[in-house]
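Here is the structure we will look at.
The values are calculated or read from the model by the stated rules, or taken from the named source; none is laboratory data. As the structure is a computational prediction, the values presented were derived from the model and not from experiment. Cβ placement follows ideal geometry from the backbone for every residue including glycine, while neighbour counts extend to all protein chains displayed. These accessible areas exclude ligands, DNA and RNA; they are computed on the full protein's heavy atoms, side chains included. Shrake-Rupley method; radii C 1.70, N 1.55, O 1.52, S 1.80 Å.
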Amino acid sequence: MNVFKKWTISTSFALALGGLVPGTASAVPLELALVMDGSGSVGASGWSLQLAGYQNAFASGTFYDTYVAPSSYDSLWVRAYQFGTSVVEETNWFQITDNASATTFGNMFTVANMSYNGGLTNTEGAIQVATNDILTNGIDGAKTVIDISTDGNPTTCAGVDPHTSASCNTTADGDARLAANAARDANITINALGVGSGIDQNYLQALVGINPADTPTGFFLMANNFNDFAGVIQTKLGREITDVPEPASLALMGLGLIGLGAARRRKKAA
């Protein structure tokens, strides 16, 4: 895997370059891999609610105006995945440039199009597949994000093909963390949405790269259950796309307004 495939510059610097050369403009896309838990603990009803949450968000009729237009990105590239024991790429990479294209993408999220798989929780494989897709899709986004929704800690599937794995060892979550670290090494942000009380929030914190001694590279949100999923996923998409800060970050943001351009990393953490 070539982790140096993506060469990026900050949004502010890209816009500055575009302004220096008459008649030129830089495309500023965001790449977002939507990685959905379809393991046995989710159940058919939880899977259906998860799909409905994404459909409600993207097919609202105002998705682009609400999320993308106010952001620093001119388009959004998205792809959906389901992971259970194996990993399924449910859609191709799809470009959202207006409300109509967002609705087209959102209407793909039906049980008829994405049947529930069940099985174990191969979070490691899901991250590996999404990472490889991002690094080889030829899009070169200004920011790349893997957005994981899950209701439980992963099983370990080290050394197996994540597309075809028939079984995994039901042990620790260390391999999923290693896969997430490898994605971050490739300048991909990992964010997560935990559902229910069966998932360890310490694990989610490690998965998204939050270290108390460092600036967070990702974030996670929690939903009480899949009935609450639709509302939380809209909040999550808003933060990922428009870079809305958490309340605790507002004071730091105020202190750093002068250096805003420098604060934008080569791959902006949400």
Point to revise | Residues being of a type in the set (S, T, Y), closer than 26 Å to I139 by Cα and open to solvent by 40 Å² or more (accessible area, probe 1.4 Å) - total across segment 32-59 | key: 0
Exercise for review: Write out, first by first residue and then by second, each pair whose Cβ atoms fall under 9 Å of each other, whose residues are 6+ apart or on separate chains, and whose first residue, in segment 227-256, is under 17 Å from V35 (Cβ atoms) while the second is open to solvent by 70 Å² or more (accessible area, probe 1.4 Å) and at pLDDT below 50.
Suggested key: R239/E246
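Output the strands (runs of 3 or more DSSP E) that fall wholly within segment 62-127 and possess 2 or more residues being open to solvent by less than 60 Å² (accessible area, probe 1.4 Å) and free of Cβ contacts under 8 Å to residues at least 12 places away in the same chain, or say none. Steps first, answer last, please.
Working: elements: 75-83, 87-89, 94-96.
Per the criteria, no element qualifies.
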